[in-house]
Amino acid sequence: FPKILSLLQEEDDDVVACTCLNSIESLTAYMGPAFLNGSTNEIVRLLVAGINRSLLCQEANFVEEDDEEEDDVANDSSVLDEVCSLLGMVAQALGPGFSNFMPEITKLLLKRLNSNQTTELEKVSILGAFSEMLVAFGPNNNADYIDPIASAALQCLSSNVDAAKIFNQSSSGRTISRNAVFLIGTLIELSAPTWKSEKGSAALIKILNEVGKVFQLVEPCEASVREFRQLHGENVGLPLEITDVQAVIDNACGAVARIIVSLPQHCPVDSVFPILIKALPLRYDINEGLAVFHCIHLVIEAGSPMVKTNLTHIVNVLRYSLDQDIGEMASMYIQKSLQALGV
């Protein structure tokens, strides 16, 4: 392990540096906190250097000739991607013990996220790292980070979700929206008490309005699918410009579901739930199934009048989804929902 750390500090080749970061991540995943014992500060110091573009391999990339600048930016994005992946793994290993490092890491990641020099791929990595760190940090331990992270995620979402433009964006641009809306739902789920105040409830409505813009993509996305199928048939895989948008919509469904489950008394369920239902079934990211079907089950159990209004579609979604590989817990919620509906 000391040799890996030395290589990471002394190597000017970004491929070698990425391999070192990946090796540390794998060892941390396999051995857990025991692997980090005695080396945590050193690892975090190197991760901070990676965020700041001050690892030797990053400094070397940016002193190359101008005609190689595009490759250098791509290489640096790869290094940051590995840095963010390792950050998430270290946070998972340490849990609440990551609190000593969270203030500095959050400040640096937000600065990098908001920089005009940050690439789309880097933004994707940073948003993903925030979600992993917050999950590892645990529920209700995020009060100091809610506002700046939520604001940054909303900015990323609002800057990229536009029905007139999203299908022509790069794949990484669409993935920014996907990771941003997932982060928003995860952050609110993990910090539910914060949103119960008058100020928090007002902010929650603004967030729901912003996330709601994603659902404006449902109809144009379905139209694109129909057009593609007419031209290419049912056996040809959908292109990225469609599946990426499906993933954004699915993650928005998961975000809204998490908000309803976490804050049923502070979320306008009767207004939000029908919008969520109409965006279903999940088309691409079935990992959102657990959050979505937990939400549907709770709304049915609560006796919302919106269930009766949307009953046919709800039943169709539940039956369709039961045939998908959505996991044991999600399937359990579907079966309980069908039983509660008496169908």
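Computed on the stretch 163-259, with alpha-carbon pairs under 8 angstrom and 6+ residues apart, the relative contact order is 55 percent. Within the same chain, lysines fewer than 8 places from LYS3 are excluded, and of the rest, those with a Cα less than 30 Å from its Cα are LYS107. Can you grab the distance from the C-alpha centre of the stretch 195-211 to the C-alpha centre of the stretch 230-297, Å, no decimals? The two parts, judged by their Cα centres, are 20 Å apart. Each residue, VAL15 and LEU311, gets one label point 7 Å from its Cα in the Cβ direction; the gap between the two is 6.3 nm. Is the shape of the stretch 194-340 best called rounded, prolate or oblate, per the rule: a/c under 1.5 gives rounded, else a/b larger than b/c gives prolate, else oblate, with a ≥ b ≥ c the square roots of the Cα gyration tensor eigenvalues? Oblate is the answer for the stretch 194-340, as a/c is 1.5 or above yet b/c matches or exceeds a/b. The local environment of ASP285, defined by Cβ-Cβ distances under 12 Å, has a net charge of -1 under the rule Lys, Arg +1 and Asp, Glu -1.
About its Cα centre, the dipole of the chain is roughly 2220 debye, where the only charges are +1 on Lys and Arg Cβ and -1 on Asp and Glu Cβ.
With the simple spin-label model, which puts each label point 7 Å out from Cα in the Cβ direction, the SER197 to LEU322 separation comes to 4.5 nm. Quick one: Debye curve from the alpha-carbon atoms of the chain only, equal weights, vacuum; give me log10 I(q)/I(0) at q = 0.08, 0.14 Å⁻¹ to two decimals. Ignoring solvent entirely, the Cα scatterers give -0.43, -1.17. Which one, LEU240, ILE149, VAL307, projects farthest toward the positive side of the charge dipole computed for the chain from Cβ point charges (K/R +1, D/E -1)? Farthest towards the positive end: VAL307.
In this rough spin-label picture, where each label sits 7 Å from Cα along the Cβ direction, the ASP144-ARG226 distance is 5.3 nm.
Carbon-plus-sulfur accessible fraction, the chain (probe radius 1.4 Å, protein heavy atoms only): 49%. The GluC sites (Glu not before Pro) of the stretch 233-302 meeting both criteria, a DSSP state outside H, G, I, E and B (loop) and at most 15 other C-beta atoms within 10 angstrom of the site's C-beta, are GLU234. Here is the list for the stretch 108-207: trypsin sites (Lys or Arg not before Pro) lying in DSSP coil, each with at most 11 other C-beta atoms within 10 angstrom of its C-beta, are LYS165. Scanning the chain for long hydrophobic helices, with DSSP H runs required to stretch 30 angstrom or more by C-alpha along their axis and to average at least 1.0 on the Kyte-Doolittle scale, returns 240-262. Taking a ≥ b ≥ c as the square roots of the eigenvalues of the alpha carbon gyration tensor, the stretch 249-293 is oblate, as a/c is not under 1.5 and a/b does not beat b/c.
Take the stretch 103-187 with all the other protein chains still there, run a 1.4 Å probe, and you get 41 Å² of accessible area per residue. Subtracting the Cα-Cα distance of LYS3 and GLN216 from 0.36 nm times their residue separation leaves 71.5 nm of extension gain.
Toward the positive end of the charge dipole of the chain, with +1 on the Cβ of Lys and Arg and -1 on the Cβ of Asp and Glu, the farthest Cα among SER158, MET332, ILE184 is that of MET332. For the stretch 165-248, a/c is not less than 1.5, where a ≥ b ≥ c are the root eigenvalues of the C-alpha gyration tensor, and a/b tops b/c. That puts it in the prolate class. Ignoring lysines fewer than eight residues from LYS111 along the same chain, the ones with Cα atoms less than 30 angstrom from its Cα are LYS123, LYS165, LYS196, LYS199, LYS206, LYS213. Springs join every pair of Cα atoms under 10 Å in this Gaussian network model of the chain, and among ALA302, ALA136, ALA291 the largest mean-square fluctuation is at ALA302. Helical content of the chain, expressed as a calculated mean residue ellipticity at 222 nm, amounts to -23000 deg cm²/dmol (DSSP H runs of 4 or more residues, -39,500 (n - 2.57) each, divided by residue number, nearest 500).
The values are calculated or read from the model by the stated rules, or taken from the named source; none is laboratory data. No experiment lies behind these values; they were computed from the predicted model shown. Every residue, glycine as well, gets a Cβ built from its backbone with ideal geometry; the counts of neighbours run over all protein chains shown. SASA here: full protein model, heavy atoms, side chains in, ligands and nucleic acids out. Shrake-Rupley method; radii C 1.70, N 1.55, O 1.52, S 1.80 Å.
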